[in-house]
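> One structure coming up, written as structure tokens, with questions to follow.
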């Protein structure tokens with residue numbers, strides 16, 4: 001099946017709209033959706049592996065995740081990779097790693113693990129593929145989000161911020177890129 005950027009951009013818009021809808025419903029009905037976040041090594045926290053990206057702790061958290069998420073998902077949609085395949089892989093692998101290795105007795109919510117996964121994916125995939133367009137995306141993402149990537153995966157990032165969710169998301173993005181992107185031999189040979 002041919003990669004269609006327009007279709008993938010519709011998927012990006014739908015994904016972000018769902019995140020916002022969940023947040024608004026949570027606020028309107030004063031629901032406790034965030035209880036469905038990821039709790040490391042607890043059976044109740046298993047659901048959070050897939051629900052975590054859709055849950056946010058407040059307006060600042062939601063908006064702070066929305067902007068880089070839209071940028072990175074649009075870059076992914078414009079690449080040769082399938083957004084519909086890559087995003088679930090990063091979410092599930094990153095969430096599973098966080099569930100197994102996460103620190104503290106807390107509930108993790110937010111799309112930042114996916115964001116860090118997308119940063120790592122786009123950088124690794126760009127250099128792995130070797131095409132000029134993919135390399136340009138990798139360099140752009142590296143310059144734009146590189147400091148965020150490095151600073152956000154350290155335990156010193158600050159209280160209430162899931163540095164381990166960022167780290168496991170980045171690891172997942174790198175692994176998914178390594179497994180799913182094959183080098184473009186023609187581009188590498190020049």
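The values are calculated or read from the model by the stated rules, or taken from the named source; none is laboratory data. Note that the structure is a prediction, hence the values are computed from the model and not measured. Here Cβ is always computed from backbone atoms with ideal geometry, including for glycine, and neighbour counts include all displayed protein chains.
> Could you say whether any residue in segment 132-147 is more than 21 Å from residue 77 (Cβ to Cβ), free of Cβ contacts under 8 Å to residues at least 60 places away in the same chain and crowded, with 21+ Cβ neighbours inside 10 Å? Explain how you work it out, then say what you get.
Taking segment 132-147 and keeping what is more than 21 Å from residue 77 (Cβ to Cβ), we get 146-147.
Narrowing further to those that are free of Cβ contacts under 8 Å to residues at least 60 places away in the same chain: 146-147.
From the residues that got through so far, the ones that are crowded, with 21+ Cβ neighbours inside 10 Å too are none.
No: zero hits.
> Checking the conditions here, which among 111, 120 is closer than 14 Å to residue 145 by Cα, at pLDDT 95 or above, surrounded by 15 or more Cβ atoms within 10 Å (Cβ to Cβ) and under 13 Å from the mean Cα position of the chain (by Cα)?
120 is the lone residue from the list that is closer than 14 Å to residue 145 by Cα, at pLDDT 95 or above, surrounded by 15 or more Cβ atoms within 10 Å (Cβ to Cβ) and under 13 Å from the mean Cα position of the chain (by Cα).
> Residue 92 versus (1) loosely packed, with under 15 Cβ neighbours inside 10 Å; (2) more than 13 Å from the chain's Cα centre (by Cα); (3) on the phi < 0 side of the Ramachandran plot: which is the lone unmet condition?
(2)
> Also, quick follow-up: On the given criteria, is residue 154 at pLDDT 90 or above and either more than 21 Å from residue 89 (Cα to Cα) or surrounded by 14 or more Cβ atoms within 10 Å (Cβ to Cβ) (or both)?
It is false that residue 154 is at pLDDT 90 or above and either more than 21 Å from residue 89 (Cα to Cα) or surrounded by 14 or more Cβ atoms within 10 Å (Cβ to Cβ) (or both).
> Restricting the search to segment 147-173, which residues are touching a helix residue (DSSP H, G or I) at 6+ places or on another chain (Cβ under 7 Å), part of a helix (DSSP H, G or I) and closer than 21 Å to residue 40 by Cβ? Step through it out loud before you land on a result.
Residues of segment 147-173 that are touching a helix residue (DSSP H, G or I) at 6+ places or on another chain (Cβ under 7 Å), as a first pass: 149, 152-155, 157, 162-166, 168-173.
With part of a helix (DSSP H, G or I) added as a condition, the list becomes 149, 152, 163-166, 168-173.
Result: 152, 163, 164, 165, 166, 168, 169, 170, 171, 172, 173.
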